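See structure below.
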Amino acid sequence: SYEYSSEKEKRGLVNMVQNDTFARYPDIRWVVPHGGAFLTILADRFESFALMLRFADPDRRADIMGDMAHVYYNMAGFSEQKQLEMLLRNVDESHLLYGSDTPYTDLTACVGQAEALEETTKLTERQKQLLFTENAKALLPKLKTTGEKEV
């Protein structure tokens, strides 16, 4: 798996979609930080641009919604307010991962962000369990402790 740099995420992810990167490398498990940042809010707009690319070149895949569903999302940062709800409209709950953003964010803010995710009513208790532990274990099996059974 590869965590995509948050510094480059703003434009890079859209460029990767436009250049069919996810279609060319389907076995890479991409992790996008900060819940996809603005991508969740502007996905419909980007999909219209992708449609124009496909119209101009039928061999292009350029599928923003499909690619959004393929990648994983680290929910670091202040993603609970708006992004979480919008992300769940286009992404399966199994693709959400907890991230604290430490050491780049002050520890007090990281704790506050984790508490916001723990207390949100936008997720069920099962979805919270997936977000905080189970999805990471499924994505990175080495995280499982030796005493746990393979799922």
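The values are calculated or read from the model by the stated rules, or taken from the named source; none is laboratory data. Everything numeric here is computed off the predicted structure, so don't read it as measured data. All Cβ positions, even for glycine, are placed from backbone atoms using ideal geometry, and neighbour counts span all protein chains on display. Surface areas here come from the heavy atoms of the whole protein model, side chains and all, with no ligands, DNA or RNA. Shrake-Rupley method; radii C 1.70, N 1.55, O 1.52, S 1.80 Å.
Worth a mention:
- If only residues of the range 65-83 that are within 10 Å of the chain's Cα centre (by Cα) and not small (Gly, Ala, Ser) are counted, the one that is farthest from Gly36 (Cα to Cα) is His70.
- Of the helices (runs of 4 or more DSSP H) entirely within the range 105-151, those holding at least 1 residues that are under 25 Å from Trp30 (Cβ atoms) and modelled with pLDDT under 95 occupy 107-119, 135-139.
- Residue ID - nearest to Asp67 (Cα to Cα), chosen from residues in the range 89-117 that are acidic (Asp, Glu) and touching a residue at least 12 places away in the same chain (Cβ under 8 Å): Asp92
- If you go through the range 52-70 and keep only what is crowded, with 21+ Cβ neighbours inside 10 Å and aliphatic (A, V, I, L, M), you end up with Ala62, Ile64, Met68.
- Inspection of the range 10-33 finds no residue satisfying the criterion of being in contact with a Leu (Cβ under 7 Å, 6 or more places away or on another chain), within 27 Å of Pro141 (Cβ to Cβ) and acidic (Asp, Glu).
- Any hit, the range 9-16, residues being open to solvent by 20 Å² or more (accessible area, probe 1.4 Å), within 28 Å of Glu125 (Cα to Cα), at pLDDT below 90 and not basic (Lys, Arg): no
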